[in-house]
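Have a look at the structure below before the remarks.
The values are calculated or read from the model by the stated rules, or taken from the named source; none is laboratory data. These numbers come from a predicted model, not from an experiment. As a convention, Cβ positions derive from the backbone with ideal geometry for all residues, glycine included, and neighbour counts pool all protein chains shown. Heads up: the accessible areas ignore ligands, DNA and RNA and are worked out on the full protein's heavy atoms, side chains in. Shrake-Rupley method; radii C 1.70, N 1.55, O 1.52, S 1.80 Å.
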Amino acid sequence: MSKQTLSFQAEVAQLLHLVTHSLYSNQEIFLRELISNASDACDKLRFEALNNNALYEDAPNLEVRVSFDKDAKTLTIQDNGIGMSAQEAIDHLGTIAKSGTKDFMGKLTGDQKQDAQLIGQFGVGFYSGFIVADKITVESRRAGLKAEDGVRWVSGGAGDFEVETITRAARGTSVILHLRDDASEYLNAWKLKQVIGKYSDHISLPILMEKEEWKESEKEGEPGGMVKTGEWETVNKASALWTRPKKDITQEQYQEFYKAISHDYENPLTWAHNRVEGNTEYTQLLYIPAKAPFDLWNRDKKAGVKLYVKRVFIMDDAEALMPSYLRFVKGVIDSSDLPLNVSRELLQESRDVRAIREGSTKRVLSMLEDLAKHDKHDAPAEGADGVTDVVSEEDKAKEGKYTAFYAEFGAVLKEGLGEDFANRERLAKLLRFASTTSDSVSVGFADYKARMKEGQEAIYYITADTLAAAKNSPQLEVFKKKGIEVLLMTDRVDEWALNYLHDFDGTPLQSVAKGAVDLGKLQDEAEKKAAEEAAEAFKPVLAKLKEALKDKAEDVRVTTRLVDSPACLVVQDDGMSTQLARMLKQAGQKAPETKPVLEVNAEHPLVKKLDGSVHFHDLAHILFDQALLAEGGLPEDPAAYVKRVNALLV
Ligand code: ADP
């Protein structure tokens, strides 16, 4: 292939623009990203070589070499990993394969600070080289291809890049950064070692740099300088972080390792590092990020947990290792029991993998439980024994973390109710909601239960599109009057997730918008009797209403749930809520065509007016349409509604 110039995919060009304009504040991370790519490339080679030892050629020791040339102002990161063919270079360095990229780019604002934050959730990888370089040359040859099938890729980081085939004896990839003038500090061994130590100590691969030594100048009076010796030395610890004993690992090292495997810019919220013994033995190092990634809602997205077997990387799209509702977890699992040379398909089926998945799921749940437990600390109280409880520094550091976690990932966690039956109860305890007594999303089912009124037999909740709609829903009126707390659920997934949870710790969950209200013991005999009498007296009007609305309402009945509003809509006990039906329709899906029940407040002046009114038909329809509006819906025929209201206004 002779030299040709190709354009970057539009999203890459956008990303590059951002990289060069927004990521200045954290220049040095480019080295972490490129070394991490080099390390991945070596991992891939090791994995492919399990079934094809010839791929090692005559260089079985995998390594990364970092070198620089002061005169040419270049910094080179070279690995002897899997390498790239010409086509792979075009595909991998010219396009972004992550799905959802386009949507993500659409979210960028042009505000550099904000975008730099966003880009952290995206991860720039290879392109971060352009933070320090105004030109990057990549030379590579894929393992197993002939020397003549090498490739050179060159770009100035604007709209396009050049590719051509070259002859390259060495397997693997060299990334040559032509440094900008303001990045010349990286042409210095001491600086490079310092950055590598900070970001790449935990990489199991040796990172080599050429040794330098001091040499006096041969010319009289001139100062000496450092010269290269031709000897290479390893400058990182080169032992996989997770294999080291916990006590030898600092907080910073754990955090840096997280950033390297996740491409995140922020520190993780928390992590757990354990050696699991028993039938299946493995090491797990699992992190919970602080911020949701840009593609959290893409359920097909690769899970963030990498599987190693005896330190050999096996796969990173390890869905088999983490259920989908925990897809935000990042980390490493290293097993000594799994066979090395098995296919991914077989791995997914393996009993050991299933045990690892169960164990890892439980570990994540207990991390979350621990955060939830320490989320809030009340002022230290003096116990009965006269001793004041002291909150340890470690526990203090956990304050507020669960709230932060929940704001980012709570909605995903809820998917677990439908996905992970075995852990449903533990998950239910981790859920938090707003309620009629708390605007913040902080009420757990257990908190709710502890506050239940005497005689209250159910946990009441309402689902709506927004907090305001939920709070002002007419269905809540009687609950407000009686001072009964109602959970306000406004996540899209709530309705679906709650289908899988019928009770919490023995107390049934009851939607206030489903079925007839039965406040049970919360209503006294006199109230019940008065309601029955009102319903009886209202019967003839009800019959007329039913007739007038027979196309819209399944039934019309008198209710005690309303105080200030004339009417509301409810669904039958086993029916799909109108909110869920609306959501399905919006998403272009089929929703069962069930009609709601109209409930009227016989005490309301508007309802009282119905009897004998010459406008009966119009009033009936207005009542129905208003009930629909009140819960965030739209009348089927808005124009007809307006006409009716106007006629009455006139
Ligand atoms: P990511 O690593 O997140 O996939 P990058 O932009 O860093 O994204 O890299 C894009 C792709 O380019 C990688 O997935 C890989 O296929 C290829 N690549 C990058 N660096 C190397 C390398 N040193 N050796 C082989 N392939 C590489």
Next on the checklist: If a residue counts only when it is over 28 Å from PRO60 (Cα atoms) and at pLDDT 90 or above, which strands (runs of 3 or more DSSP E) contained entirely in the range 160-265 have at least 3 such residues?
Outcome noted: 160-166
Item to check | Number of the condition not met by LYS528 [criteria: (1) modelled with pLDDT under 85; (2) loosely packed, with under 12 Cβ neighbours inside 10 Å] | outcome: (2)
Checklist entry - What residue, among those in the range 115-151 that are away from the ligand (no atom under 14 Å from the Cβ) and out of contact with any helix residue (DSSP H, G or I) (no Cβ under 8 Å at 6 or more places or on another chain), is least open to solvent (accessible area, probe 1.4 Å)? => result ALA147
Next on the checklist: Any residue at all in the range 302-323 that's part of a loop (DSSP other than H, G, I, E, B), open to solvent by less than 50 Å² (accessible area, probe 1.4 Å) and of a type in the set (Gly, Ala, Ser)?
Outcome noted: yes
Checklist entry - Which of the residues that make up the range 146-177 are out of contact with any strand residue (DSSP E or B) (no Cβ under 8 Å at 6 or more places or on another chain) and closer than 21 Å to LEU18 by Cα? => result ALA158
Next on the checklist: Can you confirm whether LYS595 is basic (Lys, Arg), at pLDDT below 90 and open to solvent by 50 Å² or more (accessible area, probe 1.4 Å)?
Outcome noted: yes
Checklist entry - In the range 447-470, what residues are touching a Phe, Trp or Tyr at 6+ places or on another chain (Cβ under 8 Å) and of a type in the set (A, V, I, L, M)? => result ILE459
